[in-house]
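Worksheet: one structure, shown below.
The values are calculated or read from the model by the stated rules, or taken from the named source; none is laboratory data. Since the model is a prediction, treat every value here as computed from it, not as a measurement. Cβ placement follows ideal geometry from the backbone for every residue including glycine, while neighbour counts extend to all protein chains displayed.
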Amino acid sequence: MRYVGEPIWASRSPAELREATKHEALINLAFAGAEAEILCPYDSTALAPAVLADARRTHSLLLSGGHSGTRPDYAVPFRLPSSGSLPLPAPRDDAMSYTYRTDLSQVRALVLKHAMDAGLPDARANDLVLAVSEVAANTLRHTRSSGTLTIWHDPDEIICEIHDEGVITDPLAGRREPPPDALGGHGLWLVHQVCDLVELRSDNTGTTIRMHMSVSSPRQRN
Amino acid sequence: MWYNSDVDLLTTSVATVESDSEPYTLIELTGEADVTNSDALRDLLDAEVAKQPRTLIIDLSGLRFMDSSALHVLLRANRTMDRQGGVLALASPRDAVAKMLRLTAADQLIPVYASVGEATAG
């Protein structure tokens with residue numbers, strides 16, 4: 001199998017670049033052991049040096065000016081590039097927060113209200129409600145404590161963040177399509193399907209998942 | 001899991017409906033089906049599936065929201081119905097629920113119809 005993928009270009013937002021860099025790294029993990037040749041074009045004239053430095057760590061072979069060579073920067077064994085594991089930037093000052101325990105219906109109502117206020121069309125508002133509800137449901141499934149929902153928006157996008165004490169150790173969590181008859185594993189996968197961008201940070205103190213929906217230029221979704 | 005199931009969020013009704021061909025079981029779900037009430041939903045479906053109906057139709061028209069926990073309950077019931085030689089069908093999902101069934105490909109495993117009438121026609 002051969003494919004070409006260019007998830008990183010200069011006009012992407014900082015959040016998109018962070019997550020796309022992580023995605024590039026995870027491709028190595030997802031295709032480990034598979035017969036696959038993957039070509040990832042990077043515009044070295046337009047991208048920031050830090051982005052290109054991460055690219056050198058996430059790819060085993062660099063083609064430049066017609067020449068190729070293995071890269072000493074390539075991270076083996078697998079680890080995420082630093083930009084994919086740094087703490088996320090703080091929410092906006094005017095973000096609202098809500099602490100939930102079992103009241104997921106209230107969580108959904110809050111997300112729906114804010115999504116409507118931010119100007120998301122109905123179908124995309126429902127997508128965001130589903131995504132946030134699935135992540136909040138994981139708080140109930142996997143922790144014994146409450147979780148926090150934080151919502152903010154600007155003219156470009158609405159962001160919902162869930163933080164709880166759960167720990168996600170699988171770097172590919174939510175990125176593999178579960179078999180249709182699986183009786184688990186659909187939650188985080190749905191989150192990745194319906195949101196424009198998902199950022200996940202997890203360590204032994206807890207997990208933060210940030211779900212972005214673009215308001216100004218809605219993308220074509222199914 | 002330490003929470004109690006929220007019975008008010010989701011209401012259910014079960015009926016055996018006589019039809020021209022043969023009687024079928026109709027379950028109506030109204031409200032929101034999520035992880036907080038999926039145990040109760042599972043118990044209800046288990047009880048109805050155990051009666052081995054030939055056809056079990058779940059009317060989703062009143063369901064405003066469904067999460068993956070509820071989906072797993074439906075998939076589990078579908079497996080048992082299959083094994084028993086019966087048919088589970090879903091009817092009249094709202095747009096958001098229909099989309100979720102499509103994204104998870106659950107609609108490839110469980111037939112989804114636009115109405116209960118279409119579901120009975122098979």
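What to note about this one:
- Hey, A:THR208 more than 26 Å from B:ALA33 (Cβ to Cβ), away from chain B (no Cβ under 14 Å) and free of Cβ contacts under 8 Å to residues at least 40 places away in the same chain or not: no
Let's see how each residue does on (1) more than 14 Å from chain B (Cβ to nearest Cβ); (2) in a strand (DSSP E or B); (3) touching a residue at least 12 places away in the same chain (Cβ under 8 Å):
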site: A:ALA131; (1), (2), (3): no, no, yes
site: A:ARG141; (1), (2), (3): no, no, no
site: A:ASP170; (1), (2), (3): yes, no, no
site: A:GLU177; (1), (2), (3): no, no, yes
site: A:PRO180; (1), (2), (3): no, no, no
site: A:GLY184; (1), (2), (3): no, no, no
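- Some residue of segment B:24-33 being among the small types (Gly, Ala, Ser) and not in a strand (DSSP E or B): no
- Selection within segment B:80-106: residues that are in a helix (DSSP H, G or I) and at the interface with chain A (Cβ under 7 Å from one of its Cβ atoms). The member of this set that is surrounded by the fewest Cβ atoms within 10 Å (Cβ to Cβ) is B:ASP95.
- Hits in segment A:158-173 (condition: at pLDDT 95 or above and not aliphatic (A, V, I, L, M)): A:CYS160, A:GLU161, A:HIS163, A:ASP164, A:GLU165, A:GLY166
- Qualifying residue in segment B:103-119 (condition: within 15 Å of A:LEU130 (Cα to Cα) and either hydroxyl-bearing (Ser, Thr, Tyr) or touching a helix residue (DSSP H, G or I) at 6+ places or on another chain (Cβ under 8 Å) (or both)): yes
- Every condition in (1) over 27 Å from A:ARG144 (Cα atoms); (2) at pLDDT below 95 is met by A:PRO87 except one, and the failing one is (1).
For (1) in contact (Cβ under 8 Å) with a residue 24 or more places away in the chain; (2) crowded, with 17+ Cβ neighbours inside 10 Å; (3) not in a strand (DSSP E or B), each residue gets a yes or a no:
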| position | (1), (2), (3) |
| --- | --- |
| A:SER145 | no, no, yes |
| A:THR148 | yes, no, no |
| A:GLU199 | yes, yes, no |
| A:SER216 | yes, no, yes |
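Conditions (1) under 23 Å from A:ASN126 (Cβ atoms); (2) within 14 Å of chain A (Cβ to nearest Cβ), marked per residue:
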{"site": "B:GLU18", "(1), (2)": "no, no"}
{"site": "B:LEU26", "(1), (2)": "no, no"}
{"site": "B:ARG42", "(1), (2)": "no, yes"}
{"site": "B:VAL49", "(1), (2)": "no, no"}
{"site": "B:ARG64", "(1), (2)": "yes, yes"}
{"site": "B:ALA70", "(1), (2)": "yes, yes"}
{"site": "B:LEU109", "(1), (2)": "yes, yes"}
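- Flag for A:ASN126 being over 16 Å from the mean Cα position of the chain (by Cα) and either surrounded by fewer than 24 Cβ atoms within 10 Å (Cβ to Cβ) or more than 13 Å from chain B (Cβ to nearest Cβ) (or both): no
- Flag for A:LEU149 being within 16 Å of the chain's Cα centre (by Cα) and either under 21 Å from B:LEU9 (Cβ atoms) or more than 14 Å from chain B (Cβ to nearest Cβ) (or both): no
- Leading residue by the ranking (farthest from A:VAL129 (Cα to Cα)) among those in segment A:152-190 that are exposed (fewer than 14 other Cβ atoms within 10 Å of the Cβ) and under 14 Å from the mean Cα position of the chain (by Cα): A:ASP170
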